[in-house]
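Written out below as structure tokens is the structure these notes cover.
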Amino acid sequence: MTAAPKPASHAVSRVLVVSADAAWCARVVAGINGAAAQLDNPMGVAASSAADGESAIAECLADGEVQIVVIDHGDPGHQGNHAVQTAQALIASRPELSLYMTLEDDADKMLVEALASDAITGYFYRSEQDFRGWFRILSAELAQKSDTPFYDALKEYVGQAIDSWHTPGHGGGDSFKGSPWVGDFYDFVGEEMLRADLSVSVPMLDSLLRPTGVIAQSQRLAAKAFGANKTYFATNGTSTSNKVIFQTLLAPGDTLLLDRNCHKSVHHGVILSGARPVYLDSSVNARFGIFGPVPRAIVLQAIADHPQTKVLILTSCTYDGLRYDLAPIIEAAHAAGIKVIVDEAWYGHARFHPELRPTALECGADYVTQSTHKVLSAFSQASMIHVNDPAFDEHLFRENFNMHASTSPQYNLIASLDVARKQAVMEGYRLISRSLKYAQELRAKINTTGAFRALELADLLPDEVRGDGIRLDLTKITVDISASGYGADELRELLIERFNIQIEKNTHNTLTLLLTVGSTRSKVSRLFDALLRLAKDKRAPRTYARMPEVPRFSSLACLPRDAFYETGERLPLIDDHGQPNPALIGRVCCDQIVPYPPGIPVLVPGQVVALPVLAYLTRLLQTQKSIDLHGLAHFDGELCLRVLTEAELQALPQRSV
Ligand SMILES: Cc1ncc(COP(=O)(O)O)c(C=O)c1O
């Protein structure tokens, strides 16, 4: 392998030339590097060589700065198929790489086209050794991949210092400037952020609700990066993205299979769409209070039992990093004519590292929602909707998107999506490799404390899904604290108060830590140091008030939407003796009742209230101070459940669901 020259700019884009023909390879490397030295080189192109496919693949996995691989397919003494195999192996590990082939003649090109057409970015003929020309083509490819059309247009517009006679009212921050009351906000948020807070009145910045210019271009780049046919930017998070897709695919009364473990936005989507849900009980790890995927057998059985189903939605990975083996499930759904939506709110980074792939799109999902802000560098609320549905109705989707989207989207959020995509493509592999490395180190260190233990897949997997090919996203670390003598709430508070560390979430006996592209070595060592100190102050073992188990789903008396839109009546959850109110048993709930965390509804609108659910909610209220219960109504000083009156229930069109 020859050494790469020093790059011409801060960015480094390594070009790896792969050929068994050492002399030819050396000529190409020298030619490209010569051109890089003579011409403008903003992408930092620096070529080096690899003698064969295996070493090229190893190099691409070891060095995230490799952006382009030029594979010699035309080496006369060599085997073309080998070059194609190298290309396929590279695509399988780093799909964001740009791949070029060098060919001997036209027959060669036909072979390459037949074997790997879509995946190959371009071709060079071996005989045409115009290395300046090659360098220009490679640089242009890098410039295109790293382009940020919306962000660039936004910067350009802000740079023009155009007077604002439009919304937002702060006029580019001028309302804050010099104010004795709110002037500090200007300094805190920063001038550029305020100047870039613009509106649809600026035509050169396109419109999120009908993109035809720079937003459309940015979305096309995102689609390519994430492997979608179409990608849409959403500035109302994955919460809204899920609802948009539901309304696009489901008409009132359509059957929908959904993971009971889905985020509450999915359950809201059921109300809005008027769909007829079939709830699939998720697996539960009772020991740690963690919800896992729905067992594959349950999903497949539901597909067989409900042939009229329109849509299946699953969450992968879960909040705790458990991800389905999606391909066989999606295949079964498609065979039954069912569209598959996968909520990848926690898995937007997966495309950019082989350890995390395949993504849901790669497994054949029709629609995928991702909170780009959760694990990549976008701002909070910035999400993406990816579409690969062959029967996609763009007009219908647009109508539904626009129904939910604000007419005043935050332009900094859109720019952050553009930049987060660029970063994922250009350095995602390197940054995620780093997170995985830190995660591995942190797991090992946590296990040395004696008081805390980083849980592995085997610890997290509920028994029901052990044979389902579930894998763990190792960047999400669940720490078992049961041997530490600390309570989870206490530990969470100690981490903030004594060590300035805020974790993601906790259950009664675990803490969850997220490593992302923003994790640094010093954050890792500060956290370890804090845990080590806390472990040294080890307390006597204590017994935990175990979280009561989430009861299984009871039954639906009517469509969730029908129950939700009734007025209902409010009945106290707990009676005068501190017991579950017996008057609620058998009544039909109007709201979604969600203990948070973990955010899984224990009652949905239309569901018949059963004693186990009431007992569960009562126990939660009496034992778990840190849990919020969303959906309960405060009425006359009491916590109440809104339920259908008998008359409302009788009048509803459908009684059995
Ligand atoms: C599985 C899942 N889907 C969707 C969402 C909503 O995402 P957002 O915060 O981007 O609206 C969340 C948020 O935590 C989630 O956990």
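Here are the criteria: (1) under 23 Å from the mean Cα position of the chain (by Cα); (2) at pLDDT below 95; (3) open to solvent by 20 Å² or more (accessible area, probe 1.4 Å). Tell me which single one Glu493 does not satisfy.
Single failed check for Glu493: (1).
Could you say whether any residue in segment 248-268 is farther than 21 Å from Phe564 by Cα and more than 16 Å from the ligand (Cβ to nearest atom)? First the steps, then the outcome.
Kept after step one, since they are farther than 21 Å from Phe564 by Cα, are these residues of segment 248-268: none.
The answer is no; no qualifying residue exists.
Which residues, taken from segment 369-381, are crowded, with 24+ Cβ neighbours inside 10 Å and near the ligand (Cβ under 8 Å from one of its atoms)?
Residues of segment 369-381 that are crowded, with 24+ Cβ neighbours inside 10 Å, as a first pass: 369-372, 375-376, 378.
Scanning segment 369-381 gives Thr369, Ser371.
Go through segment 227-246 residue by residue and tally those that are in contact with a Ser or Thr (Cβ under 9 Å, 6 or more places away or on another chain), more than 16 Å from the ligand (Cβ to nearest atom) and not small (Gly, Ala, Ser).
Summing the residues that are in contact with a Ser or Thr (Cβ under 9 Å, 6 or more places away or on another chain), more than 16 Å from the ligand (Cβ to nearest atom) and not small (Gly, Ala, Ser) in segment 227-246 gives 0.
Of these, Val425, Val387, which one is closer than 21 Å to Leu326 by Cβ and either open to solvent by less than 50 Å² (accessible area, probe 1.4 Å) or touching a Pro at 6+ places or on another chain (Cβ under 8 Å) (or both)?
Details: Val425 fails: closer than 21 Å to Leu326 by Cβ.
Step by step, each of Val425, Val387 is checked, and only Val387 is closer than 21 Å to Leu326 by Cβ and either open to solvent by less than 50 Å² (accessible area, probe 1.4 Å) or touching a Pro at 6+ places or on another chain (Cβ under 8 Å) (or both).
What single numbered condition from (1) part of a helix (DSSP H, G or I); (2) within 16 Å of the ligand (Cβ to nearest atom); (3) not aromatic (Phe, Trp, Tyr) fails to hold for Ser433?
(2)
List pairs: first residue in segment 317-330 and within 12 Å of the ligand (Cβ to nearest atom) and hydroxyl-bearing (Ser, Thr, Tyr), second residue at pLDDT below 95 and open to solvent by less than 10 Å² (accessible area, probe 1.4 Å) anywhere in the structure, Cβ distance under 7 angstrom, at least six positions apart or on different chains.
Note: pairs meeting the criteria are Thr318/Gly292.
Out of segment 342-368, which residues are open to solvent by 20 Å² or more (accessible area, probe 1.4 Å) and within 11 Å of the ligand (Cβ to nearest atom)?
Hit for segment 342-368 is Trp346, nothing else.
From the list Val294, Val278, pick out the single residue that is within 24 Å of Glu331 (Cα to Cα), within 16 Å of the ligand (Cβ to nearest atom), modelled with pLDDT of 95 or more and not acidic (Asp, Glu).
Numbers: Val278 fails: within 16 Å of the ligand (Cβ to nearest atom).
After ruling out the rest, the residue left standing is Val294.
Inside segment 238-289, can you point out the residues that are part of a loop (DSSP other than H, G, I, E, B) and in contact with a His (Cβ under 6 Å, 6 or more places away or on another chain)?
Of all residues in segment 238-289, those part of a loop (DSSP other than H, G, I, E, B) come to 250-254, 260-263, 274-275, 281-283, 286-289.
The answer is Gly289, and nothing else.
Ala333 - would you say it is more than 16 Å from the ligand (Cβ to nearest atom), over 30 Å from Glu141 (Cα atoms), open to solvent by 10 Å² or more (accessible area, probe 1.4 Å) and small (Gly, Ala, Ser)?
Numbers: more than 16 Å from the ligand (Cβ to nearest atom): yes; over 30 Å from Glu141 (Cα atoms): yes; open to solvent by 10 Å² or more (accessible area, probe 1.4 Å): no; small (Gly, Ala, Ser): yes.
So Ala333 does not fit the description; no.
If you take just the helices (runs of 4 or more DSSP H) that sit entirely in segment 552-657, which of them hold at least 1 residues that are open to solvent by 30 Å² or more (accessible area, probe 1.4 Å) and closer than 26 Å to Asn509 by Cα?
Working: elements: 560-564, 611-623, 646-651.
Counting at least 1 such residues, we get 611-623.
The values are calculated or read from the model by the stated rules, or taken from the named source; none is laboratory data. Owing to the predicted nature of the structure, the values given are computational and were not obtained by experimental measurement. Using ideal geometry, Cβ is built from the backbone for each residue, glycine included, and neighbour counts are taken over all protein chains shown. In case anyone asks, the SASA skips ligands and DNA or RNA and just uses the protein heavy atoms, side chains included. Shrake-Rupley method; radii C 1.70, N 1.55, O 1.52, S 1.80 Å.
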